[in-house]
Amino acid sequence: MEDLEAMAVSAAERMGIVVTSDGARLLARGARGTPRILLGLLGRARDLAQVERSPITTGIARRALARQGIDEDGLGE
């Protein structure tokens, strides 16, 4: 899980946006160990964060997961 959190922080930096440690943790948990899914969720979270002109926080990460139909444990419908 820590590897995916670090990946989220690194990828967010490359995208030009900041992700909080809690936001990265939530996205990593939602990705259920799959880097490809993490990057997709991070892209959705980045879009929301840019609209709100905010870093990717826990709230933004939760909304990004919800819009993809994923709960905080990474489970879909």
Fill in: Complete set of residues in segment 53-70 that are assigned to a loop (DSSP other than H, G, I, E, B), surrounded by 13 or more Cβ atoms within 10 Å (Cβ to Cβ) and without any contact (Cβ under 8 Å) to a residue 12 or more places away in the chain
Ser54
Worksheet item: Quick one: what pairs do we get from segment 32-50, first residue modelled with pLDDT of 95 or more, second of a type in the set (Phe, Trp, Tyr) and surrounded by fewer than 18 Cβ atoms within 10 Å (Cβ to Cβ), C-beta under 7 Å, 6+ apart or different chains?
Response: none
Worksheet item: Hey, among Arg29, Arg14, Arg25, which residue is over 13 Å from Ala61 (Cβ atoms) and either open to solvent by less than 50 Å² (accessible area, probe 1.4 Å) or in a helix (DSSP H, G or I) (or both)?
Response: Arg14
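The values are calculated or read from the model by the stated rules, or taken from the named source; none is laboratory data. As the structure is a prediction and not an experimental result, all values here were calculated from the model. Note that each Cβ is placed from the backbone with ideal geometry, even for glycine, and that neighbours are counted across all protein chains shown. The accessibility values were calculated without ligands, DNA or RNA, using every heavy atom of the protein model including side chains. Shrake-Rupley method; radii C 1.70, N 1.55, O 1.52, S 1.80 Å.
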